[in-house]
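> Handing you a structure now.
Coordinate-derived values only; no laboratory data. What you see is a predicted model; the values in this text were computed from it and never measured. In this analysis, Cβ positions are derived from the backbone assuming ideal geometry, glycine residues included, and neighbour counts consider all displayed protein chains.
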Amino acid sequence: MALNQFLILSAFLFCTGVYGVLARRNGVLVLMSVELMLNAVNINLVAFSAFVRDVGGQIFALFVITIAAAEVGVGLAIVLLIYRNLDSPDLDRVDQLKG
Amino acid sequence: MLRNAWLIPLLPALSFVAILLVGKRLPRRGAELGVGAVGASFVLACVAAWQWIDRVEGATGKSEGLRAFGKGVLGGEGGEGGEHAEVAVAPVTRGFTWWQNGNVEFNVGIAIDGLTVMMLFVVTLVSFLVHVYSTSYMEGDRRFTHFYALLSLFTASMLLLVVADNTIQLLVGWELVGLCSFVLIGHWWEEKPNADAAVKAFLTTRVGDVGLMIGIIVLFFAAGTFDIQAINAQAVEGEIGHTLLVVASACLLGGIIGKSGQFPLHTWLPDAMAGPTPVSALIHAATMVVAGVYLGARLYPVFFEGFSIDGGTINVMALIGGTTIIIGAALAFVQNDIKKVLAYSTISQLGYMVMGLGVGAWVAAVFHLFTHAFFKALLFLGAGSVSHSGSHHSFDMKADMGGLRKFMPVTFWTFMIGSLALAGIIPFAGFWSKDEILATAGQNEFTFFLVVGLVGAFMTAAYMTRCVYLTFFGEYRGHGEPHESPRAITVPLIVLAGFSVLAGLVNASALEIEKFKEWVEPTVAFPALEHPEFELAGAALALAVALLGILVSYAYWFRNLGPHGITARNPLARAGYTFLENKYYLDALYENVIVGSIKGAIARASYWTNQRVIDGAVNGVATGAAQVGRFAYDVLDQKAVDGAVNGLAVSTGQTGGLLRYVQSGRVQRYALMLFASVALLSLALFVFSN
């Protein structure tokens with residue numbers, strides 16, 4: 001079974017995600033990009049798991065999915081609060097930590 | 001049943017879940033589940049107690065070949081000089097490994113011996129009666145179902161603590177009962193004082209719990225195991241260094257002080273009376289607060305060796321207990337709230353138990369725990385009955401009570417029995433157990449603590465007389481229409497009154513009955529303790545002191561003799577009264593001095609960090625460097641170093657300024673740096689690994 005196509009897809013997805021996280025200002029879109037990255041990782045895990053015939057990778061992917069769900073829950077709550085406080089989901093305005 | 005004793009905590013735990021899930025939809029709103037589960041636990045506990053007694057009797061009796069107890073039957077250990085005690089009865093244990101980390105095994109299991117069985121019986125009985133009592137007392141409460149769920153959870157946690165065979169499980173139960181106590185004290189959290197009291201109880205006991213945790217860890221490293229039996233065995237056989245035992249027992253004593261309301265951490269217990277009265281009876285009188293004493297009894301070999309209790313010298317444990325007796329009893333005199341009188345009385349009686357452990361009176365202390373649970377639960381439930389039906393939900397003895405004897409005969413007589421038992425009048429339960437503590441203290445040559453105990457007995461009798469007078473005698477001062485409470489309230493009172501009369505006879509040394517000692521005292525991994533012979537003179541003295549206390553108080557309150565109004569006339573007496581009213585200013589000390597200073601210090605420290613470290617870090621580097629530069633400018637050759645120094649200062653400042661921009665506070669820029677560095681590092685890895 002060819003591994004490359006999965007890895008290329010996953011790398012593409014991951015880069016898309018990274019781009020989204022870095023370039024997007026809208027907090028919701030950033031969260032979505034994070035999801036893309038996580039799923040890219042999942043594809044990698046499953047692909048390698050099938051490649052080396054070890055089910056561990058797939059179990060790990062299941063865990064990642066679960067954690068991702070929890071993480072989105074928390075993340076959305078944060079974005080919601082940011083929106084309530086600043087009246088916009090723009091992450092550039094959240095810069096209270098600057099030196 | 002002994003091997004299946006894990007069912008006893010499991011049933012209330014299941015009922016907790018069931019009440020939460022379906023309680024509100026049931027006709028009695030969940031109460032039937034709680035009463036049923038705890039009742040079933042009580043029956044099981046009775047069966048377990050019966051089987052344990054059978055086991056002990058079988059082992060100590062003449063029939064040595066009849067029962068093979070395997071390794072449980074050892075040769076005679078400990079020369080108590082009694083007629084039996086030649087055979088050791090090992091606890092029944094059962095458990096499994098929960099998880100393993102390296103070579104360390106964490107077990108879950110039960111270890112059932114006489115002490116455990118006794119506690120199971122007391123906890124399930126009092127809890128069952130309180131469950132029944134609450135069906136009427138809490139009727140129509142806005143969180144009735146919630147109350148029952150937590151009552152069940154509390155019972156389950158307490159039973160879990162009691163059956164634990166290892167210190168970790170014990171700690172889990174210990175913290176769970178603390179949590180339930182917190183939630184139940186704050187049951188009516190809409191009123192700020194109640195919520196405050198809950199937080200105070202939680203945090204104050206937590207101070208002691210830190211000690212408990214450290215103690216458990218020290219014991220683990222000293223003995224290499226969490227298993228209580230193994231720790232005890234090693235402590236008895238001297239396999240643990242004395243220094244370690246001293247440290248461990250001192251830390252564990254911290255836990256006892258916090259949980260069992262010992263001086264100086266007793267301040268949370270009176271405030272805990274903000275909770276509903278059944279909770280006060282169950283948690284803050286009969287069961288949870290004795291968890292500390294139970295811990296002391298369970299790990300007694302550690303304390304015995306750690307504090308050198310057999311030495312007859314003053315040790316911390318006895319000293320704490322003795323102080324608590326006097327301090328608690330003195331405070332009970334100035335309370336107008338009937339529940340607070342009982343709360344301080346509980347503190348004082350817990351002091352007896354801790355002092356008893358401290359002077360080597362293990363059996364007496366545990367026996368006092370046993371009897372105290374009945375009569376103190378009785379007194380609290382009686383106080384609840386008074387407020388429920390007599391004084392219009394008030395607990396103020398001076399404003400809303402008085403003369404209730406005529407209106408509530410059942411409550412009055414049961415309360416009287418409880419008071420007499422507490423005061424230590426023969427033949428009520430309190431007499432036998434208190435006398436035994438004093439007798440052992442005398443015999444083990446702790447004369448100082450014997451005197452403290454006698455003074456405490458005097459004070460106990462006196463303040464209980466005052467309390468009974470203010471509540472039940474004189475003119476009715478309230479505004480309601482007092483009447484007797486319903487059956488759900490009076491029946492538990494009568495049952496508890498029965499136990500308050502009879503429970504003492506299980507170990508009445510005067511009548512040469514020592515069943516309690518035979519059944520409860522461990523025979524494996526336990527130090528050889530002296531048991532006192534019954535002395536008529538000592539018992540008579542204790543009784544006389546208690547009667548004197550009643551007499552003095554009777555003269556003062558009933559006959560109106562003595563210096564009434566002395567606090568208004570004599571400044572010294574007034575000062576003393578104010579001192580007591582302010583509870584020795586301990587609360588002020590904790591809240592204003594200790595908490596205040598820590599809070600202030602932390603606030604100042606974080607402000608300082610803010611100003612100097614976070615804001616000033618970058619600037620600080622620059623100005624610091626500039627100062628270095630100026631110093632060098634003044635001292636060294638100006639012209640040669642001048643430019644270099646200035647350059648250094650300026651470049652440091654500029655570096656700081658540049659670094660400042662890195663700290664933009666924009667998360668995405670941080671993320672960009674993160675990904676860029678990861679990309680660079682991967683590139684480096686790729687390049688160099690090929």
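> Between B:THR447 and B:GLN627, how many nm apart are label points set 7 Å from Cα along the C-beta direction?
Inter-label distance under the simple model: 6.6 nm.
> Please give, to one decimal in nm, the separation of the simple spin-label points placed at A:MET32 and B:ILE314, each 7 Å out from Cα toward the Cβ.
About 7.6 nm separates the two model spin labels.
> To continue, here is another question. Please work out, to two decimal places, the log10 of the ratio I(q)/I(0) at q = 0.24 Å⁻¹ from a Debye calculation in which every Cα of the range B:211-279 carries one identical scatterer.
For the range B:211-279, the Cα-only Debye profile gives -0.96.
> Related question: Relative contact order for the range B:1-306 using alpha-carbon pairs under 8 Å, separation at least 6, rounded to a whole percent?
Relative contact order comes out at 17 percent.
> May I pose another question? Between A:ILE78 and A:ALA50, what is 0.36 nm times their sequence separation minus the Cα-Cα distance? Round to one decimal in nm.
6.4 nm
> Angle between the Cα long axis of helix B:31-60 and the longest principal axis of chain B, 0 to 90 degrees, nearest 10?
The helix B:31-60 is inclined about 70 degrees to chain B.
> Moving to a separate point now. Counting Lys and Arg as +1 and Asp and Glu as -1, each charge on the Cβ, what is the dipole of the protein assembly as shown about the Cα centre in debye, to the nearest 20?
2440 debye
> Please state, rounded to one decimal and in Å, the Kirkwood hydrodynamic radius that the protein assembly as shown gives when every pair of distinct Cα atoms enters the mean of 1/r.
That comes to 30.5 Å for the protein assembly as shown.
> Taking every alpha carbon pair in the range B:123-187, what does the distance histogram look like in 10 angstrom bins from 0, in percent?
Cα pair-distance distribution for the range B:123-187, in percent: 22, 49, 24, 6, 0.
> Separate question: Based on the Cβ-Cβ distance from B:ASN690 to B:GLU191, what FRET efficiency comes out when R0 is 51 Å, to the nearest 0.05? Write out the running numbers ahead of the final one.
Values: r = 73 Å, r/R0 = 1.42.
Plugging the Cβ-Cβ distance into 1/(1 + (r/R0)^6) gives 0.10.
> Mind computing the radius of gyration and Dmax over the alpha-carbon atoms of the range B:362-581? Å is fine for both.
19.3, 60
> Here's a follow-up. I need the fraction of alpha carbon pairs in the range B:450-567 separated by more than 20 Å, rounded to a whole percent.
66 percent
> Whole number please: convex hull volume per residue of the Cα set in the range B:1-306, in Å³? Can you show the working numbers first?
Details: hull volume 43.3 nm³, N = 306.
With only Cα atoms used, the range B:1-306 gives 142 Å³ per residue.
> Convert each backbone phi in the range B:424-441 into a coupling constant with the Karplus relation 6.51 cos²θ - 1.76 cosθ + 1.60 (shift: θ = phi - 60°), then list the ³J(HN,Hα) values in order as whole Hz, x for Gly and Pro.
x, 9, 5, x, 6, 4, x, 4, 5, 6, 5, 4, 5, 4, 5, 4, 5, 4
> With n ≥ 4 as the cut-off for DSSP H runs, can you work out [θ] at 222 nm for chain B, using -39500 (n - 2.57) per run divided by the number of residues, rounded to the nearest 500?
Computed mean residue ellipticity for chain B: -22000 deg cm²/dmol.
> First obtain the Kirkwood hydrodynamic radius of the range A:15-98 from its Cα pairs, then insert it into the Stokes-Einstein equation at 10 °C and 1.306 mPa s, and state the resulting D in µm² per second as a whole number. Can you show the working numbers first?
Details: Rh = 14.2 Å.
The diffusion coefficient I find is 112 µm²/s.
> Same structure, new question: How far is helix A:56-86 tilted, in degrees, relative to the longest principal axis of the Cα atoms in chain A, given as a value from 0 to 90 rounded to the nearest 10?
The angle comes out at about 10 degrees.
> Hey, which of these cross-link pairs are over 27 Å Cα-Cα: B:LYS340/B:LYS517; B:LYS259/B:LYS517; B:LYS259/B:LYS406; B:LYS259/B:LYS339; B:LYS339/B:LYS434?
Check vs 27 Å cut-off fails for B:LYS340/B:LYS517; B:LYS259/B:LYS406.
> How high is the relative contact order of the range B:177-228, in percent, counting Cα pairs under 8 Å that sit 6 or more residues apart?
Taking the mean separation of contacting Cα pairs over the length of the range B:177-228, I get 25 percent.
> Just to check I understand the Karplus step: with θ = phi - 60° and J = 6.51 cos²θ - 1.76 cosθ + 1.60, what whole-Hz values come out for the range B:273-280, glycine and proline as x?
5, 5, x, x, 4, x, 5, 4
> Given axes a ≥ b ≥ c from the Cα gyration tensor, I'd like to know whether chain B is rounded (a/c under 1.5), prolate (a/b larger than b/c) or oblate. Working shown, then result.
Details: a/c = 1.86, a/b = 1.53, b/c = 1.22.
Because a/c hits 1.5 or more and a/b exceeds b/c, chain B counts as prolate.
> Here is a further query. Any chance you could give the angle, 0 to 90 degrees and rounded to 10, that helix B:571-581 forms with the longest Cα principal axis of chain B?
Around 80 degrees separate the two axes.
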